[in-house]
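Below: the structure, in structure tokens.
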């Protein structure tokens, strides 16, 4: 991911906006060669969020781990067991194994877009009277008075990945669009719920 994209992702995750978030997955993939995994309660699952800003990463991973725990797993934020900026795969695997993790959920923001909508609301629409005073009266009275409203929505695109650590294989991935998240915690909660629904639908779990 480019520095520009990292910056956009960081800004997107940090936004505190008003409105109700709406998350929809626009594309998903399930590994056709991997058998369904059994959902057992209490298993350790690592929560990873790819964000350069450590504070955003900490907040998002904490929220993700909390959502995994609420769903019966033991969610562990990756920042609690990995050194900062670790890029060594073997080191990461060793840390995950030491924690007893069976899976990893990775959320990677890939884009932040803004969508602006202009709407017009009619304030008054009276009857049309034409032919008076050279047409002036008809022109002035017969048209509506309207006001325009400009609404800007922030859309965050996130790639979610689910890895089976036991077999070292990617089981599922999906790309989602979330409109106007209210904060990081509610954003992650909605995203986890939508991802879980998509994975169940795809037969990732048994």
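Quick note: the coordinates plus some simple rules give every number you see, no bench work behind them. All of these numbers come straight from a predicted model, not from anything done at the bench. All Cβ positions, glycine included, derive from the backbone under ideal geometry; neighbour counts span all protein chains shown.
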- Task: Neighbouring Cβ atoms within 10 Å as the yardstick, rank 205, 162 fewest first.
- Result: 205, 162
- Query: If we count other beta carbons within 10 Å of each Cβ, what is the order of 64, 171, fewest first?
  - Reply: 171, 64
- Note on the structure: The extension gain from residue 169 to residue 183, computed as 0.36 nm times the residue separation minus the Cα-Cα distance, is 1.9 nm
- Message: With 10 angstrom as the radius, rank 68, 161 by how many other C-beta atoms surround their C-beta, starting from the fewest.
- Response: 161, 68
- Task: Pop the C-beta distance of residue 90 and residue 206 into the FRET formula with R0 = 22 Å and round what comes out to the nearest 0.05.
- Result: 0.10
